[in-house]
Amino acid sequence: MASDVLIVTNGLKETWPAIEQGVWLASTLGLKVSLLGLTEVQNPAAIDDRHPLEGLFERAVGLFQQQGVEYSLEVRNGSAEEILPQRVKQSDSIVVLGPLGRPQIKRMITGRSIRQFLEEIEQPILYVPQLKLPVRKILICLGGLGYEINAEHLAMQVAMKSRADVTLLHIVPPMDLDYPTARAVRENWQHLEQTNTPVGRSLRQALEIAKSDGLTVTVKGRQGNVVEEILAEVQEGKYDLVSMGSSYSVHSLRQMYSANVTSEISDGSLCPVLTARYKVG
């Protein structure tokens, strides 16, 4: 179990949804909140001006007190990309953050910050592009390779505590290979939970866990490009939270030839995305 929910802000108003969603997550899981404020641009000429973090912290503290969550406040100087990966090594936190207002030219050159955070942070991350409360529908993406196990377990905890409905989703990508398992997946993609394939076994296990927790759960399959189909399902199903895992390590050989689906979904989704990295043991 995580020690706390670490919410990150650089003082921009666009980070407020992450604060609200993070407080909800902390309250749901019974965890304390650590609010990390980052002073990313230091201007000596504006030393007497009111710092953007001040107003946001005041508003956040009011919310924390209203929700009755235990909290702590912290301020550090430096960019999120520099400070955050080092900061999270000090605790077993669930990290919550939203868009940090990077200039478009920077995003074009280096990509969105969330991609770097997913690569460098081992702890679970809740990325909040926009606020979605209350959370009534959760989409859990299953790939059948085991990468999603930790994310699935965390999402199930959230669903159980918030009594949200759960949909288990698996995407069958285009396949050129012709061997027994591939054929079984290709021919039975609408009811994979009934097959003896790796993803079928994964779906049945997730179904059993959800039902034993008393959750309302359904299984859904789609065919096509993985990223496009997940984003389409999120939009069509009007989900409030998406959960998905990542591979053993973002530096694995698999990442050299396979799209980082988690990053693509975090970039493109209009609802919060909860990710947790696969860990051995």
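Each residue of region 79-93 in order: what ³J(HN,Hα) in whole Hz does its phi give by Karplus 6.51 cos²θ - 1.76 cosθ + 1.60, θ = phi - 60°, with x for Gly and Pro?
For region 79-93, the Karplus curve yields 6, 4, 4, 8, 7, 4, x, 6, 5, 6, 5, 7, 8, 9, 9 Hz.
How would His51, His170 line up from fewest to most surrounding beta-carbon atoms within 10 angstrom? Could the numbers behind the result be given before it?
Values: His51 14, His170 25.
Starting with the residue having the fewest Cβ neighbours, the order is His51, His170.
Full-extension gain between Glu228 and Asn196, please, as 0.36 nm times their residue separation minus the C-alpha to C-alpha distance.
8.9 nm
Let me check against my output: what whole-number percent is the relative contact order of region 4-127, with C-alpha pairs under 8 Å and at least 6 apart? Don't jump to the answer; show the numbers that get you there.
Values: 187 pairs, mean separation 42.1, N = 124.
The value is 34 percent.
Among 56-69, 217-230, 120-133, how do they line up from the highest to the lowest mean number of other beta-carbon atoms within 10 Å?
Details: 56-69: 14.6, 217-230: 17.0, 120-133: 19.9.
Ranking the peptides 56-69, 217-230, 120-133 by packing returns 120-133, 217-230, 56-69.
Once Rh is set to the Kirkwood radius over Cα pairs, what Stokes-Einstein translational diffusion coefficient, in µm²/s, holds for region 4-127 at a temperature of 4 °C and a viscosity of 1.567 mPa s?
Details: Rh = 14.9 Å.
Diffusion coefficient, whole number: 87 µm²/s.
Show the residues, 5+ positions off or on another chain, whose built amide H is closer than 5 Å to the amide H of Val96.
Those qualifying (amide H under 5 Å, at least 5 residues apart or on another chain) are Leu6, Ile7, Val8, Leu126.
State the extension gain, in nm to one decimal, for the chain segment bounded by Lys32 and Gln235, taking 0.36 nm per residue of separation less the distance between their alpha-carbons.
Working: separation 203, 0.36 × 203 = 73.08 nm, distance 3.17 nm.
Net length gain for the segment: 69.9 nm.
Rounded to the nearest 0.05, what FRET efficiency is calculated for Met1 and Val41 with R0 set to 45 Å and r the Cβ-Cβ distance? Don't jump to the answer; show the numbers that get you there.
Values: r = 36 Å, r/R0 = 0.80.
After rounding, the FRET efficiency stands at 0.80.
Name the long-range amide H neighbours of Gly224: under 5 Å, sequence gap of 5 or more, or other chain; modelled H, no Pro or chain starts.
Val172
Using 1/(1 + (r/R0)^6) with R0 = 25 angstrom and r between the beta carbons of Arg102 and Leu73, what's the FRET efficiency to the nearest 0.05? Can you show the working numbers first?
Details: r = 24 Å, r/R0 = 0.97.
Given R0 = 25 Å and the Cβ-Cβ separation, E is 0.55.
Using R₀ = 41 Å, calculate the FRET efficiency as 1/(1 + (r/R₀)^6) where r is the Cβ-Cβ separation of Gln205 and Glu81; round to 0.05.
On the way: r = 37 Å, r/R0 = 0.90.
It comes to 0.65.
No value in this document is a laboratory result; all are computed from the given coordinates. This is a predicted model, so every value here is computed, not measured. Glycine also receives a Cβ, built like all others from the backbone with ideal geometry; neighbour counts cover every protein chain displayed.
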